[in-house]
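Working notes, structure below.
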Amino acid sequence: CFEHTGWARRKAEQWWKEAGLTLPYPADEFNIGWTPTIAERAKKLKRLFMGNEFKRLKPGCLFLSERDTGDALDSKRIGHVGIVENIYPDHVFTTIEGNARDSSTGRDGVVRKIRDADNQKYYFVDLS
């Protein structure tokens, strides 16, 4: 079982490995392997894209979102990760995410979310 604070990042690491990709950092260095690092590595590999490139989106892509940190010097950073489950017309997609709030129960856990790719805070990583 993954500890609560690192679940999303650790699941992303698992999916990254299952796709046959090398992790963007040493797996044993917990503090280096955080969600923004996944985005940085994906960008270098030209696998990172935004929702305005919706045609590239497919099931199995990693889903990344910005979190407002409240820090004026670093107000935006990638702070959450999930995996794209299905793609629908009109830029709608579903994700499976951990450490996420289930709006129907109000509890945190592993949930399926419906998202709109036009949100400017969403990024994707092609693992194929």
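Nothing in this text is a laboratory measurement; each read-out follows from the coordinates by a stated rule. Note that the coordinates shown come from a computational prediction; the quantities given were computed from them, not determined experimentally. Every residue, glycine among them, receives a Cβ derived from its backbone with ideal geometry; neighbour counts consider all protein chains shown.
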(request) Check the straight Cα-Cα distances from LYS113 and name the lysines below 24 Å, setting aside those fewer than 8 residues away within the same chain. (result) LYS11, LYS17, LYS55, LYS58, LYS76, LYS121
(request) Subtract the Cα-Cα distance of ASN86 and ARG107 from 0.36 nm times their separation in residues, and report this length gain in nm to one decimal. (result) 5.3 nm
(request) Round to the nearest 0.05 the FRET efficiency obtained for GLU18 and LEU45 when R0 = 25 Å and r is the Cβ-Cβ distance. (result) 0.95
(message) Could you sort the peptides 98-109, 45-56 by per-residue average Cβ neighbour count (10 Å cutoff), highest mean leading?
(response) 45-56, 98-109
